[in-house]
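> Can you keep this structure in mind? I'll have questions shortly.
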Amino acid sequence: MTSAERKIYSVEDYNTVFNPQGYIKESYGTVEHYEGLSKKLLEIVFQYFKHGSFSGPRCLDFGCGPVIHLMATASCYFNDITAAEFASNNRREIEKWIKNEPDAWDWSGYINYICELDGNKETCEERTEKIRQSIKDVIPCDVFKSNPLEPREVDPYDVIMTSLCLEAACMDREQYKMAVKNVASLLKSGGALVAFVILGQTFYDVEGKYYHSLSLDKPFVVKCLEEADFVDIETVQDLPLQEVHLDGRVISDYEGWMVVTAKKK
C-alpha cells in the first residue's frame, strides 16, 4: 500500500477508532520490543532522574497514552505523579491498571526491569504498589490550549515527561511550536523536561489502521525548545532502519528517535 492509498487517522479519531490494548500489544508487548528500544528508553530516563539536578516531588506525564512505563520509572524518584491524556479510552486504560482490574494490561515485564535498574531493592509486587500509589491523578489534557490542563489550574510541575505525544497531535510545525510552549507553561522555572521524540515519521500503524505523525528532525525540535525558554538542552539519539515491520506490515516509517532533556529558565 502506498502512502497515497492509506487512510490516515488524526488526533480527533483517538476516542473512536484507536484501540489502546492493540497499541500496547504491538508497540510495547515486551520490554525487548523494537530491538530493545523500550529498554534503552527506560535506562536513559532512569539514569537522568538518578543523576539529575532538580528538586521537588511533582511529576507530570503529559500525553501519556495508555502506557505507564515512564511513570513506573519516575516513581523511583517522585511520589506525586499526574497522568494527563487527551483520549478518554487511553485514560481509562491507565485507570484500569491503577485499580488492578482483571482486564488491565500486564506491565510486570517492564516493572521487573525497572526493579533491576534500581538494584532490586524491592520486588516487582512492591514496586507495582508503589507506582499505583504514586499516580495521584489521571486527567484530560489538550496541547492546543494555552492551559493544556484546562479547566484545572495547577501549580507548575517540577518535572514533565512526554513521549510520542506532540508529533501525533500536531498537523504542522507551527502547531508543534505552539504546543511546546503550551507544555512549557506547566513547568516551573528550573524544572526539567524529559521528552521521547520520534524523528522523520509520517505515520504509524495500529492493527492495520494508520495514524498521523508529524515528521520532525533534531535541529527543529531543539529550536522549538530554545524558543520556549529551555536551556541545558541535551539529546541522546539513535538512528535505526527507516521502516519497521510487524506481521508483514510496515507499521512505521520513522528514521530515528531521541531522548531530549532540558531545563526551563
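> Name the one entry in Ala169, Ala195 that is at pLDDT 95 or above, open to solvent by less than 30 Å² (accessible area, probe 1.4 Å), small (Gly, Ala, Ser) and more than 16 Å from Val67 (Cα to Cα). I'd like the intermediate steps shown before the answer.
Values: Ala195 fails: more than 16 Å from Val67 (Cα to Cα).
Selected residue: Ala169, the only one of Ala169, Ala195 that is at pLDDT 95 or above, open to solvent by less than 30 Å² (accessible area, probe 1.4 Å), small (Gly, Ala, Ser) and more than 16 Å from Val67 (Cα to Cα).
> Looking only at the range 18-35, filter to residues that are farther than 12 Å from Ser88 by Cα and at pLDDT 90 or above; which one of those is most open to solvent (accessible area, probe 1.4 Å)? It would help to see each step written out before you state the result.
Start the filter on the range 18-35 by keeping residues that are farther than 12 Å from Ser88 by Cα, which leaves 21-35.
Restricting the remaining residues to those that are at pLDDT 90 or above gives 21-25.
Numbers: Gln21: 55, Gly22: 5, Tyr23: 26, Ile24: 0, Lys25: 136 Å².
Only one residue fits best here, namely Lys25.
> Also: Return the only residue of Val180, Val138 being at pLDDT 95 or above, in a strand (DSSP E or B) and either under 20 Å from the mean Cα position of the chain (by Cα) or surrounded by 19 or more Cβ atoms within 10 Å (Cβ to Cβ) (or both).
Numbers: Val180 fails: in a strand (DSSP E or B).
Criteria check complete, one pass: Val138.
> Yes or no: the range 211-234 includes at least one residue that is modelled with pLDDT under 90 and open to solvent by 10 Å² or more (accessible area, probe 1.4 Å). Quick ask: steps written out before the conclusion?
Start the filter on the range 211-234 by keeping residues that are modelled with pLDDT under 90, which leaves none.
For the range 211-234, residues modelled with pLDDT under 90 and open to solvent by 10 Å² or more (accessible area, probe 1.4 Å): absent.
> Working carefully through the options Ala87, Ala74, Ala83, find the one that is among the aliphatic types (A, V, I, L, M) and over 13 Å from the mean Cα position of the chain (by Cα).
Details: Ala74 fails: over 13 Å from the mean Cα position of the chain (by Cα); Ala83 fails: over 13 Å from the mean Cα position of the chain (by Cα).
Of the residues listed, the single one that is among the aliphatic types (A, V, I, L, M) and over 13 Å from the mean Cα position of the chain (by Cα) is Ala87.
> Follow-up. Within the range 36-62, restricting attention to residues that are open to solvent by less than 70 Å² (accessible area, probe 1.4 Å) and of a type in the set (Lys, Arg), which residue is modelled with the lowest pLDDT?
Applying the filter and picking the extreme gives Lys39.
The values are calculated or read from the model by the stated rules, or taken from the named source; none is laboratory data. Remember, predicted model here, so these are calculated numbers, not experimental data. Note: ideal-geometry Cβ built from the backbone for every residue, glycine included; neighbour counts use all protein chains shown. For accessibility, only protein heavy atoms count, side chains too; no ligands or nucleic acids. Shrake-Rupley method; radii C 1.70, N 1.55, O 1.52, S 1.80 Å.
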